[in-house]
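Written below as structure tokens is the structure these notes are about.
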Amino acid sequence: MPKRIPETLPPEPNPPEEAPSGPRVSAVLLTFNQAPEARRAIEALERSTPRERLEIIVVDCGSGDEGPELDTHYPGIHLMRMPHHFGAAKAMNIAVRTAKADLVFFLSPYVEVDAGTVASLAAHLEEDSSAAAVCPLLVDEEGKPAPQVYADPTGGALAPVAADASTLSYPNREAIMVRKAFLRNMNYFDEHFGEYGVDLDLALQIRRAAKKIRVYPEIRVTRHPGTDPIESEPLAEADRIAGVSALLGKYQGFFTGFKYRLAAILKALLRFDLKLMALLLQGQKLDGSQAG
């Protein structure tokens with residue numbers, strides 16, 4: 001009896017690829033008495049596509065307005081309520097350690113994104129291994145470029161740190177997407193800074209690592225008018241001076257930073273700005289210690 005030749009079975013079909021799960025990007029908004037602006041920024045982020053790949057984290061820095069209640073209107077966000085205004089460095093660290101995604105998009109409440117902004121920035125950052133961070137172009141409500149890149153605030157003292165340039169410029173933190181792994185490797189943001197200096201320190205850390213921050217002019221976001229609610233406070237000026245002093249101390253040595261702060265104290269004395277002088281003598285910055 002002839003042997004029966006077994007039929008050749010068709011190959012097993014490849015299993016369908018599973019759709020990525022979890023957020024691709026964590027967007028971080030820091031707010032302080034900016035509830036209307038935060039609502040506009042959140043609603044723009046909610047329109048992002050695909051929305052399910054975006055985590056929205058709002059850090060409310062002890063606001064006295066409706067900021068601590070934003071999650072009642074937007075249940076899809078993760079609202080973190082701080083008891084006091086601890087400054088940007090500490091608030092950003094809290095958010096980054098909470099973020100679930102590999103990419104973190106820091107955003108000002110005054111900035112409104114388009115539906116494709118987050119995905120476009122994420123694609124550029126994921127494809128470019130030479131970049132640690134990417135930015136869209138900030139434009140005003142008329143479509144004209146808004147202030148986004150700033151010069152060395154130390155009058156050139158930090159320029160030697162930027163080995164690839166004779167002058168130092170850096171993008172602000174109003175709209176910047178950063179790899180979370182890079183933030184972790186630099187041990188997160190330096191909390192010697194309060195509100196001022198975090199963005200420049202990040203730029204210097206990226207330069208030290210021989211990486212880039214790239215700005216993509218074709219990806220535009222609207223920067224609406226508005227200033228930080230504490231902008232006119234003496235504490236804000238003291239925090240700015242403390243931030244520059246901390247930058248100089250970190251990159252040029254303790255005495256360079258100390259001399260900068262001492263010069264600022266003398267200038268405040270000559271102007272009879274006793275409030276600012278007292279804050280500088282106490283070493284005050286926006287870090288929560290001023291809550292009392």
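The values are calculated or read from the model by the stated rules, or taken from the named source; none is laboratory data. Because the structure is predicted, anything quoted here is derived from the model rather than measured. All Cβ positions, even for glycine, are placed from backbone atoms using ideal geometry, and neighbour counts span all protein chains on display. Note: areas computed on protein heavy atoms with side chains; ligands, DNA, RNA excluded. Shrake-Rupley method; radii C 1.70, N 1.55, O 1.52, S 1.80 Å.
Quickly run through the stretch 98-123 and pick out the residues that are under 15 Å from residue 179 (Cβ atoms), surrounded by fewer than 17 Cβ atoms within 10 Å (Cβ to Cβ) and touching a residue at least 60 places away in the same chain (Cβ under 8 Å). Break it down stepwise before answering.
Step one: list which residues in the stretch 98-123 are under 15 Å from residue 179 (Cβ atoms), which gives 99-106, 118, 121-123.
Filter once more, keeping what is surrounded by fewer than 17 Cβ atoms within 10 Å (Cβ to Cβ): 100, 102, 123.
Once the filter is applied, which keeps residues that are under 15 Å from residue 179 (Cβ atoms), surrounded by fewer than 17 Cβ atoms within 10 Å (Cβ to Cβ) and touching a residue at least 60 places away in the same chain (Cβ under 8 Å), the stretch 98-123 yields 100, 102.
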Of the residues that make up the stretch 198-216, is at least one hydroxyl-bearing (Ser, Thr, Tyr) and either modelled with pLDDT under 95 or open to solvent by 60 Å² or more (accessible area, probe 1.4 Å) (or both)?
-> no
From the residues in the stretch 60-79 that are open to solvent by less than 30 Å² (accessible area, probe 1.4 Å) and in a strand (DSSP E or B), which one is farthest from residue 230 (Cα to Cα)?
-> 79
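Of everything in the stretch 86-97, what is open to solvent by less than 30 Å² (accessible area, probe 1.4 Å) and out of contact with any helix residue (DSSP H, G or I) (no Cβ under 8 Å at 6 or more places or on another chain)? Give them in sequence order. I'd like the intermediate steps shown before the answer.
So the first thing to find is which residues in the stretch 86-97 are open to solvent by less than 30 Å² (accessible area, probe 1.4 Å), and the list is 87-89, 91-93, 95-96.
Across the stretch 86-97, the qualifying residues are 91, 93, 95.
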Out of the residues in the stretch 153-170 that are surrounded by 15 or more Cβ atoms within 10 Å (Cβ to Cβ) and part of a loop (DSSP other than H, G, I, E, B), which is modelled with the highest pLDDT?
-> 153
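Regarding the stretch 205-224, can at least one residue be identified that is in contact with a His (Cβ under 9 Å, 6 or more places away or on another chain), within 30 Å of residue 141 (Cα to Cα) and assigned to a loop (DSSP other than H, G, I, E, B)? Write out each step before concluding.
So in the stretch 205-224, the residues in contact with a His (Cβ under 9 Å, 6 or more places away or on another chain) come out as 214, 216, 219.
If we keep only those that are within 30 Å of residue 141 (Cα to Cα) too, we end up with 214, 216, 219.
Pick out the ones that are also assigned to a loop (DSSP other than H, G, I, E, B) and you get none.
For the stretch 205-224, residues in contact with a His (Cβ under 9 Å, 6 or more places away or on another chain), within 30 Å of residue 141 (Cα to Cα) and assigned to a loop (DSSP other than H, G, I, E, B): absent.
To keep it simple, each residue is scored yes or no on (1) touching a Leu at 6+ places or on another chain (Cβ under 9 Å); (2) within 26 Å of residue 54 (Cβ to Cβ).
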position	(1), (2)
107	yes, yes
116	no, yes
124	no, yes
158	yes, no
194	yes, no
Considering 146, 203, 151, which residue is farther than 18 Å from residue 252 by Cβ and among the aliphatic types (A, V, I, L, M)?
-> 146
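Of these, 31, 49, which one is modelled with pLDDT of 60 or more and open to solvent by less than 10 Å² (accessible area, probe 1.4 Å)? If you could, list the steps in order and put the result at the bottom.
Details: 49 fails: open to solvent by less than 10 Å² (accessible area, probe 1.4 Å).
Result: 31 is the single residue among 31, 49 that is modelled with pLDDT of 60 or more and open to solvent by less than 10 Å² (accessible area, probe 1.4 Å).
Which residue out of 124, 84 is at pLDDT below 95 and outside any strand (DSSP E or B)?
Working: 124 fails: at pLDDT below 95.
Result: 84 is the single residue among 124, 84 that is at pLDDT below 95 and outside any strand (DSSP E or B).
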Which residues, counting only those in the stretch 171-204, are part of a strand (DSSP E or B) and without any contact (Cβ under 8 Å) to a residue 60 or more places away in the chain?
-> 171
Taking the stretch 253-275 as the search range and keeping residues that are free of Cβ contacts under 8 Å to residues at least 24 places away in the same chain and charged (D, E, K, R), which one is least open to solvent (accessible area, probe 1.4 Å)?
-> 261
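Determine which member of the set 246, 278, 268, 209 is within 21 Å of the chain's Cα centre (by Cα), among the aliphatic types (A, V, I, L, M) and closer than 29 Å to residue 33 by Cα. Reasoning before the result, please.
Values: 278 fails: within 21 Å of the chain's Cα centre (by Cα); 268 fails: within 21 Å of the chain's Cα centre (by Cα); 209 fails: closer than 29 Å to residue 33 by Cα.
The match here is 246.
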For the stretch 24-59, enumerate the residues that are in a strand (DSSP E or B) and touching a residue at least 40 places away in the same chain (Cβ under 8 Å).
-> 25, 26, 27, 28, 29, 30, 31, 54, 55, 57
Residue satisfying condition, being open to solvent by less than 30 Å² (accessible area, probe 1.4 Å) and among the hydroxyl-bearing types (Ser, Thr, Tyr), within set 245, 232 = 245
What number goes with the only condition from (1) open to solvent by less than 60 Å² (accessible area, probe 1.4 Å); (2) out of contact with any Pro (no Cβ under 8 Å at 6 or more places or on another chain); (3) modelled with pLDDT of 90 or more; (4) of a type outside the set (Ser, Thr, Tyr) that residue 250 does not pass?
-> (1)
For the stretch 125-140, indicate whether the set of residues that are hydroxyl-bearing (Ser, Thr, Tyr) and open to solvent by 50 Å² or more (accessible area, probe 1.4 Å) is non-empty.
-> yes
Please go through the stretch 176-197 and pick out each residue that is crowded, with 16+ Cβ neighbours inside 10 Å, out of contact with any Phe, Trp or Tyr (no Cβ under 6 Å at 6 or more places or on another chain) and within 18 Å of residue 122 (Cβ to Cβ).
-> 178, 179, 180, 182, 183
